[in-house]
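J.: Quick one: structure below, then a few questions.
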Amino acid sequence: MTTENPSLYFKRHIFFCLNERKNGEASCAQHDAQAAFDHCKNRIKQLGLAGPGQVRVNKAGCLDRCAGGPVAVVYPEGTWYSYVDQADIDEIVDSHLAKGQVVTRLLTPEHLGR
Ligand code: FES
């Protein structure tokens, strides 16, 4: 079953938390979130997936799931990912953003919030 909505301006949107806390509390920026964001954006561009009707990669502030960080969330599905390295980002791009297939092994555990 496909969940794609033809009226969406972007088929998929991924938001990366880039929040940095200076008070010593954990935040996604401590885990190279900026590098992951840059890598994702470049890969989407290289694969020709950027632009209207396709995929948009956006920065975000704290997404309030810091305990699972670094996190990124994909809409319209509302799928949360906790990634470790650029290979994880490649998998999210190639599988979910390009084909709509969720990368189960990278899902943020449901109970992890702030
Ligand atoms: S600091 Fe990234 S989700 Fe809160």
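The values are calculated or read from the model by the stated rules, or taken from the named source; none is laboratory data. Being a predicted model, the structure only gives us computed values, none of them experimental. Note: ideal-geometry Cβ built from the backbone for every residue, glycine included; neighbour counts use all protein chains shown.
J.: Is one or more of the residues making up the stretch 81-92 of a type in the set (G, A, S), within 16 Å of the ligand (Cβ to nearest atom), within 21 Å of D38 (Cα to Cα) and at pLDDT 95 or above?
T.: Of the stretch 81-92, the ones of a type in the set (G, A, S) are 82, 87.
Next cut, within 16 Å of the ligand (Cβ to nearest atom) only: 82.
Still in the list and also within 21 Å of D38 (Cα to Cα): 82.
From what's left, at pLDDT 95 or above: 82.
Checking the stretch 81-92: at least one residue is of a type in the set (G, A, S), within 16 Å of the ligand (Cβ to nearest atom), within 21 Å of D38 (Cα to Cα) and at pLDDT 95 or above.
J.: For the subset of the stretch 95-109 comprising residues that are surrounded by fewer than 16 Cβ atoms within 10 Å (Cβ to Cβ) and touching a residue at least 24 places away in the same chain (Cβ under 8 Å), which member is farthest from the chain's Cα centre (by Cα)? Full working, then the answer.
T.: Step one: of the stretch 95-109, the residues surrounded by fewer than 16 Cβ atoms within 10 Å (Cβ to Cβ) are 95, 99-102, 104-105, 107, 109.
The next check asks that each one be touching a residue at least 24 places away in the same chain (Cβ under 8 Å); those that pass are 100, 102, 107, 109.
Numbers: G100: 13, V102: 12, L107: 11, P109: 15 Å.
My answer is P109.
J.: Still on this structure, please answer the following. Among the residues of the stretch 60-69, is any touching a residue at least 40 places away in the same chain (Cβ under 8 Å), part of a strand (DSSP E or B) and within 16 Å of the ligand (Cβ to nearest atom)?
T.: Initial filter on the stretch 60-69 (touching a residue at least 40 places away in the same chain (Cβ under 8 Å)): 60-69.
When the remaining residues are screened for being part of a strand (DSSP E or B), the result is 60.
This time we only want the ones that are within 16 Å of the ligand (Cβ to nearest atom), so: 60.
For the stretch 60-69, residues touching a residue at least 40 places away in the same chain (Cβ under 8 Å), part of a strand (DSSP E or B) and within 16 Å of the ligand (Cβ to nearest atom): present.
J.: Something else now. What do you reckon, is I89 touching a His at 6+ places or on another chain (Cβ under 8 Å) and either part of a helix (DSSP H, G or I) or without any contact (Cβ under 8 Å) to a residue 24 or more places away in the chain (or both)? Break it down into steps so the answer makes sense when it comes.
T.: Working: touching a His at 6+ places or on another chain (Cβ under 8 Å): yes; either part of a helix (DSSP H, G or I) or without any contact (Cβ under 8 Å) to a residue 24 or more places away in the chain (or both): yes.
Against the criterion (touching a His at 6+ places or on another chain (Cβ under 8 Å) and either part of a helix (DSSP H, G or I) or without any contact (Cβ under 8 Å) to a residue 24 or more places away in the chain (or both)), I89 qualifies.
J.: What pairs come up if the first residue lies in the stretch 21-32 and is within 16 Å of A60 (Cβ to Cβ), the second is near the ligand (Cβ under 7 Å from one of its atoms) and not in a loop (DSSP other than H, G, I, E, B), and their beta carbons are under 6 Å apart, counting only those six or more places apart or on different chains?
T.: So the pair list comes out as C28/C17.
J.: For residues in the stretch 77-94 being within 10 Å of the chain's Cα centre (by Cα) and of a type in the set (A, V, I, L, M), which is surrounded by the most Cβ atoms within 10 Å (Cβ to Cβ)?
T.: It comes out as I89.
J.: Any idea which residue in the stretch 35-50 is nearest to the ligand (Cβ to nearest atom), counting only those that are farther than 15 Å from E91 by Cα and in contact with a helix residue (DSSP H, G or I) (Cβ under 9 Å, 6 or more places away or on another chain)?
T.: Among those residues, the one meeting the criterion is A35.
J.: Something else now. Go over the candidates L18, L112 one by one and state the one that is within 16 Å of the ligand (Cβ to nearest atom) and under 12 Å from the mean Cα position of the chain (by Cα). Even if it seems obvious, please write down each step before you answer.
T.: Numbers: L112 fails: under 12 Å from the mean Cα position of the chain (by Cα).
Residue meeting the stated conditions: L18.
J.: Looking at the stretch 17-51, which of its residues are among the basic types (K, R) and part of a loop (DSSP other than H, G, I, E, B)? If you could, list the steps in order and put the result at the bottom.
T.: Step one: of the stretch 17-51, the residues among the basic types (K, R) are 21-22, 41, 43, 45.
The answer is R21, K22.
J.: So, one more: If we scan the stretch 2-15, do we find a residue that is within 11 Å of the chain's Cα centre (by Cα) and within 12 Å of the ligand (Cβ to nearest atom)?
T.: Looking only at the stretch 2-15, we keep the residues that are within 11 Å of the chain's Cα centre (by Cα), and these are 12-15.
Now drop any that are not within 12 Å of the ligand (Cβ to nearest atom), which leaves 15.
Taking every residue of the stretch 2-15 in turn, at least one turns out to be within 11 Å of the chain's Cα centre (by Cα) and within 12 Å of the ligand (Cβ to nearest atom).
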